[in-house]
Amino acid sequence: MKKIALLTGITGQDGAYLADFLLKKGYIVHGIKRRSSLFNTDRIDHLYQDPHVSQRNFVLHYGDLTDSTNLIRIIQQVQPDEIYNLAAMSHVAVSFETPEYTANADGIGTLRVLEAIRILGLEKKIRFYQASTSELYGLVQETPQKETTPFYPRSPYAVAKLYGYWITVNYREAYGLYACNGILFNHESPIRGETFVTRKITRALTRIKLGLQDCLYLGNLDALRDWGHARDYVEAQWLMLQQEKPEDFVIATGVQHKVRDFVNLAARELGIRIDWQGQGVEETGTDQHGKLIIKVDPRYFRPTEVETLLGDSTKAKEKLGWKPKTSFNELVAEMVREDLKSAERDELVKKHGFAAYDYHE
Ligand code: NDP
Ligand code: GDR
């Protein structure tokens, strides 16, 4: 019998990598996607199977984490062995603009999935993964951060995820549900959302290189992050649900870089050497020809910032046998390579007299 997995957030970065991973493991994968006015399945279109074909192993359902009746109905219909709760309003800066919605989707949304499992009496059948985050550590109390490090969330997103974390622990303890929190540090890829800093940088620099864009505007260049590759991290999500006992795990590389380091390395991949001048809001970067290509824009500063994150995933190494496979340099090089291909497509379109898609966030 094939195992059945249900993924919320299947149209996102991790959803796409995890769906691919599980299909290769022989799972039947069901995913929940939101209704939108434009197609939102770009990242999983290669997995799509015509609904008219019988015996599909990849099935999508319309749904939303803010709709419990929908979640109950889908879980009842699918009868999954494993649920990966990846759906969230996942942008930290945007959560300051939409705090109530973020609490609803990321916090109460997690509760809705857990309650659906309980209402359906499936707590002994279903294994549950919760996408927790290094943002829980926020104003860090200990370095590096591990499973026992105290939390200090610094954004509406992180506070909502704190609820998701603890309600997952509570349902494990109260109802014997096999439920795990993966406390994942930042993980990126060529399909990372375009407004997260890494993808914003690789997209902009490749476009600047080809003359499609003039300048890249960024916020806090001194923020330190522990960046890994999403492809490696979804394997850890799966491993957490294959253990004898449910537990929570930190997943990280144990290496830290500044946003500025990411910019320098991505530029180097493109043969651009950046000279930095000034400090704080005055900081700018010029290329080797003296052209201004980077400026700090305070509108990207956050009301409360997470300055530094560095993970210790010793527990995952010992108990799951997990370790990251992709180095920071390989990650940056892969993202630059892929974004350069799409910039080259845009350049071609422009050369032939059509307006190229312009994007500045
Ligand atoms: P993305 O932002 O790429 O994907 C989020 C997914 O959630 C999308 O499929 C999105 O749908 C969906 N979604 C958003 N709101 C709702 C809702 N109300 N109902 C149903 N679906 C919804 O995130 P990632 O793939 O990067 O991250 C996956 C999870 O892991 C998230 O929960 C995130 O908070 C968490 N996380 C991510 C880390 C990272 O570095 N990537 C690190 C630690 C935790 P749509 O495509 O329609 O927008
Ligand atoms: P983060 O990722 O907030 O860590 O959350 P993001 O890439 O948005 O920011 C990382 C750091 O870069 C700084 N920064 C900028 N960020 C953005 N987005 N845009 C900019 O122009 C910019 N300039 C500097 C930020 O201030 C921050 O310090 C991600 C998300 O995937 C969460 O869902 C997840 O939980 C955490 O990672 C772990």
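Readers should treat all values here as calculations from the given coordinates under stated rules, not as data from a laboratory. Remember, it's a predicted structure, so these values are computed and weren't measured experimentally. Virtual Cβ from ideal backbone geometry, glycine too; neighbours counted across all protein chains shown.
For this structure, a couple of remarks:
- Cβ-defined net charge surrounding residue 302, 14 Å radius [Lys, Arg +1; Asp, Glu -1]: -3
- Between 0 and 90°, nearest 10: helix 13-24 axis offset from the chain longest Cα axis: 50 degrees
- Of the trypsin sites (Lys or Arg not before Pro) found in the stretch 76-172, those in coil by DSSP whose Cβ has at most 10 other Cβ atoms within 10 Å are 124.
- Annotation: Cα Rg of the stretch 244-361 relative to the compact-globule expectation 2.2 N^0.38 Å equals 1.43.
- The equivalent ellipsoid of the stretch 92-222 has semi-axes of 34, 17, 14 Å, largest first, where each one is the square root of 5 times an eigenvalue of the Cα gyration tensor.
- The angle between the Cα long axis of helix 109-119 and the longest principal axis of the Cα atoms of the chain comes to about 10 degrees, rounded to the nearest 10.
- When the listed pairs 258/317; 146/317; 209/351; 209/291 are checked against a 19 Å cut-off, the alpha-carbon distance exceeds it for 258/317.
- Dipole of the chain, positive end: most advanced residue of 51, 316, 141 [Cβ charges, Cα centre]: 51
- The three principal axes of the C-alpha atoms in the stretch 1-42 carry coordinate ranges of 37, 15, 12 Å, sorted with the longest axis first.
- Farthest toward positive dipole pole in the chain [+1 Lys/Arg, -1 Asp/Glu at C-beta], among 197, 267, 107: 107
- Spin-label model, residue 355 to residue 327: label points 7 Å out along the Cα-to-beta-carbon direction sit 4.4 nm apart.
- Under Karplus coefficients 6.51, -1.76 and 1.60, residue-wise ³J(HN,Hα) of the stretch 165-172 in Hz, glycine/proline x: 4, 6, 5, 5, 4, 5, 5, 5
- Think of each Lys and Arg Cβ as +1 and each Asp and Glu Cβ as -1; about the Cα centre, that makes the dipole of the chain roughly 880 debye.
- Neighbourhood charge, 10 Å Cβ-Cβ cut-off, centred on residue 158 and excluding it, Lys, Arg +1 and Asp, Glu -1: 0
- Alpha-carbon Debye profile of the chain, log10 I(q)/I(0) at 0.12, 0.14 Å⁻¹: -0.92, -1.21
- HN-Hα J in Hz across the stretch 219-227 - Karplus 6.51, -1.76, 1.60, θ = phi - 60°, x for Gly and Pro: x, 6, 7, 8, 4, 9, 10, 9, 9
- Förster radius 30 Å - calculated FRET efficiency between residue 46 and residue 243, Cβ distance, rounded to 0.05: 0.50
- Quarter the surface of the alpha carbon convex hull of the stretch 298-348 and you get the mean projected area, 6.7 square nanometres.
- Evaluated with a Cβ-only charge set (Lys, Arg +1; Asp, Glu -1), the stretch 75-139 carries a dipole of roughly 320 debye about its Cα centre, given to the nearest 20.
- Amide H to amide H, with H built 1.01 Å from N, residue 58 comes under 5 Å of 29, counting only residues 5 or more places away or on other chains.
- Counting only aspartates and glutamates at least 8 places from residue 2 when in the same chain, those with an alpha carbon closer than 13 Å to its own are 81, 82.
- Near residue 251, the amide H atoms lying under 5 Å from its own belong to 183, 184, 185; only residues 5 or more places off or on other chains count, and H is placed 1.01 Å from N.
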